[in-house]
Amino acid sequence: MIRRRSVLLGLPPALLLASATSAEAALSGMAYTANEKDNTISVIDLAAMKTVKTVPTGQRPRGMDLTSDGGRLLVCLGDSNRIDILDTKSWKVVGSIDTPDPEYAALRQPGNNPLYVSNENNALVTVWNIDTQKMLVQMPTGVEPEGMAVSPDGQLIANTTETTSMAQFFSYGTGKNLANVLVPPRPRWAAFTHDGREVWVSSELGGTVTVIDAKTYKVLDTIHFVIEGLRSTFIQPVGINITRDDKRAFVCLGPANRVAVVDVPERKVVSYVSTSSKTFNATVKKYLLVGQRPWHANFTPDEKYLLTANGLSNDVSVIDATRLRVIDTVSVGQQPWMVLISPS
Amino acid sequence: MIETRLPTKEKPLTGRRAVLGAFAVTAGAGLLQQAAAAPAPTLTIGYVHWLHEVDTLSYIFQPAPNDGRAGAEVAIADNNTTGRFLNQNFALAAVEVRDNEDPVAALNALIAKGIRLVITDRPAADVLKMATAAAPHGVTIFNAGAAEDSLREEDCRGNLIHTAPSDNMLADALAQYLIWKRWPRWLLAYGEHPRDLRLAAAYRRAAKIFGAHIVAERQYKGKVGSRETDTGLIDLQEQLPVFTQNAPNYDVLVAADDNSVFAGYLPYRTWDARLVAGSAGLIPTSWDPNSEEWGGRQMQDRFVAYAHRFMTALDMNAWVAARMVGTAASYAQSLDPDKIMAYMRGSDFQLGAYRGLSLSIREWNGQVRQAILLSDSGRLVVSVSPQPGFLHQRTVLDTLGTDKPETKCKLS
């Protein structure tokens, strides 16, 4: 395990964490990290709070998704040019989709079908029938598509293109490109609010999160992050996780080694005439220090905890999502890119 | 003089404003395309390309005839992948100029077509001539090739943007790493070419700034020769140790050899068992075909698919120039060169270029600030500068090269 410390930036190491107190609810279930560097998936038993199994994969596992019952894990293997479907009990590969340079894939819910894939090298979003493993349609995107989100009603697909710096919207039914919204440079991720009204898009180089109206495609707000003593260029937002009530979001800030807690107590959207007229009221409540370079995180099913995949310290930080404290750290494989948690 | 363009898939537009150029050109062959219902308005970027013979000591590093130009072509395709969603189209009009031909005539031919943004990889003296000729026409020149600091300093011009890092930036990038490694004692070796003398001056400056000590200097006397000679290597094995003999104790041999005369021969041939850096060994550069960090793999893959060879630093500098134009056009939502340049020079402009921190323009001299890779002679990337601990009040990228308080450039 490599644990590099940014001594010169004055960042304390990720290990200085408060220990869990008895008052905190017990964790259960399993979590999975895709470890980009050593080509494995780490299986974490959350009750024991440790990695209990390491599953070898193809080359460069990054994006993952789970079927709604948690029985199948889909892993994008960028350098093997395929997505493997693994059984989460036997850890056998039960299916494969050959598709060039997949970075991230998301299943449409409910129904676990079809599968939307960002093919980063080919400027394409491809859509697959997961049962027959046949491609249904492909949609041309900007340069380097990565982030992918499907609206809660399954009708709208949002994709981010890193080099083109756009959030792109496609219709589920027709595959038609509906809108392209320019955002600050290198958008990495898109997340719908649970009411389906907003899409939040992180810009890694811009250092911002753009909130876009999912009906009008107008920009509602641009959220900035300021951390005292840290240069703005190290604040690189990537993963976004929004609570079910849509009132709080956790944003992974990459090399800032922190997760930002963004609160949206109420939305009073009146007009979009001017960006200066504040119609959307998001405030950053807190920055939580986690391991090094968190890119993606996920909630436990009860939303009581958030787990972050820390790419440079090769571990997972466990955040108490109510008390907003980091309570534990679990070692995983090399360069975890993403973490998913079983539904039960 | 040969003029080339990217493969045209659409018929030329007619009746469009001359200022936008007359060619509708889509993305390059092999890259994904989507036919538009109506042709989008097109901005043509010029490229004055230096077609010349360069002899490198290493056979595999002989530059391709389209070195640099291919980078701009891939950037045009990237611009169009973006532009197809924004009703913007981009084309490249490249003019190849040989050593005995006049780059200003080539530039004027592009200006006559209404082209106002021109990339070039010509040497510094030609870049200056072109900038002077371009100024009355409101034409901006993007310098992708010349590293001379004088072009950014005493000879700076308001219509010059430098995507090529300067000698001082490259020297500072290497110096920071050697200091980080605590290898502060340098033996400086430089050649006879005027470029070598400037590069040596950049290393002396970097040593002073970052606290290194040049224990001795050696000048290598010898002209550019034929790369390949059948001596069985015995000459080199005899000559190079003697060149580095009797030096005071040093950590690293820093070589300033811009024309590939001798530096490539230094590794493994020094009198003492020492590392080599600078023009051989550990090389500071704006790009390396092995760089896969920060999404660089996608850039490399796109380039290889297009050009069927690896992407050089010159390709990257030209890619940056054409992508700066495309990115500024996206955000300014305009193909008007004046609006594009105004956005590009503004405080909001950032270009992601696969080196971690985004690129932007130093408003005081037109230099593009950028991270510098340290390459193990094109085998692997060893590190990237700025190094940890070298801080700056504005951006750590401004620890590389001439900073605002020191600049001799006065742009009116």
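For the subset of region A:70-122 comprising residues that are more than 29 Å from residue B:297 (Cα to Cα) and polar (S, T, N, Q), which member is surrounded by the fewest Cβ atoms within 10 Å (Cβ to Cβ)? Within region A:70-122, the match that is surrounded by the fewest Cβ atoms within 10 Å (Cβ to Cβ) is A:90.
Kindly indicate whether any position in region B:74-90 is more than 17 Å from the chain's Cα centre (by Cα), part of a strand (DSSP E or B) and closer than 26 Å to residue B:329 by Cα. Checked region B:74-90: at least one residue is more than 17 Å from the chain's Cα centre (by Cα), part of a strand (DSSP E or B) and closer than 26 Å to residue B:329 by Cα.
For region A:131-148, the tally of residues that are under 19 Å from residue A:78 (Cβ atoms) and either more than 14 Å from chain B (Cβ to nearest Cβ) or in a loop (DSSP other than H, G, I, E, B) (or both) stands at 7. Among the residues of region B:39-53, are any at pLDDT below 95, loosely packed, with under 14 Cβ neighbours inside 10 Å and either in a helix (DSSP H, G or I) or within 14 Å of chain A (Cβ to nearest Cβ) (or both)? Scanning region B:39-53 turns up no residue that is at pLDDT below 95, loosely packed, with under 14 Cβ neighbours inside 10 Å and either in a helix (DSSP H, G or I) or within 14 Å of chain A (Cβ to nearest Cβ) (or both). Within 25 Å of residue A:166 (Cβ to Cβ) and under 16 Å from the mean Cα position of the chain (by Cα): is that true of residue B:350 in this structure? No, not satisfied. Residue count for region A:73-117 under the criterion of being of a type in the set (Lys, Arg) and touching a residue at least 24 places away in the same chain (Cβ under 8 Å): the result is 2.
Here's the yes/no breakdown for (1) among the hydroxyl-bearing types (Ser, Thr, Tyr); (2) in a loop (DSSP other than H, G, I, E, B); (3) closer than 15 Å to residue B:104 by Cβ:
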site	(1), (2), (3)
B:126	no, no, yes
B:142	no, no, no
B:147	no, yes, no
B:154	no, yes, no
B:164	no, yes, no
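Contact map, region A:145-156: first residue closer than 21 Å to residue A:99 by Cβ, second residue at pLDDT 95 or above and in a loop (DSSP other than H, G, I, E, B), Cβ cut-off under 9 Å, separation 6 or more or different chains; pairs are A:147/A:238. In the set B:280, B:305, B:255, B:273, only one residue is outside any strand (DSSP E or B), outside the structural domain of residue B:345 (by TED's automatic domain parsing), touching a residue at least 60 places away in the same chain (Cβ under 8 Å) and small (Gly, Ala, Ser); that residue is B:280. Within region B:318-335, restricting attention to residues that are touching a residue at least 60 places away in the same chain (Cβ under 8 Å) and part of a loop (DSSP other than H, G, I, E, B), the residue that is surrounded by the most Cβ atoms within 10 Å (Cβ to Cβ) is B:335. Every condition in (1) closer than 16 Å to residue A:98 by Cβ; (2) within 14 Å of chain B (Cβ to nearest Cβ); (3) among the aliphatic types (A, V, I, L, M) is met by residue A:123 except one, and the failing one is (1).
Among the residues of region A:213-235, those that are more than 14 Å from chain B (Cβ to nearest Cβ) and within 19 Å of the chain's Cα centre (by Cα) comprise A:214, A:223, A:225.
Quick one: is residue B:383 touching a residue at least 40 places away in the same chain (Cβ under 8 Å) and farther than 18 Å from residue B:152 by Cα? I'd like the intermediate steps shown before the answer.
Numbers: touching a residue at least 40 places away in the same chain (Cβ under 8 Å): yes; farther than 18 Å from residue B:152 by Cα: yes.
Criteria met by residue B:383.
The values are calculated or read from the model by the stated rules, or taken from the named source; none is laboratory data. Remember, it's a predicted structure, so these values are computed and weren't measured experimentally. Please note: Cβ atoms are built from the backbone with ideal geometry, for glycine as well, and neighbour counts cover all protein chains shown.
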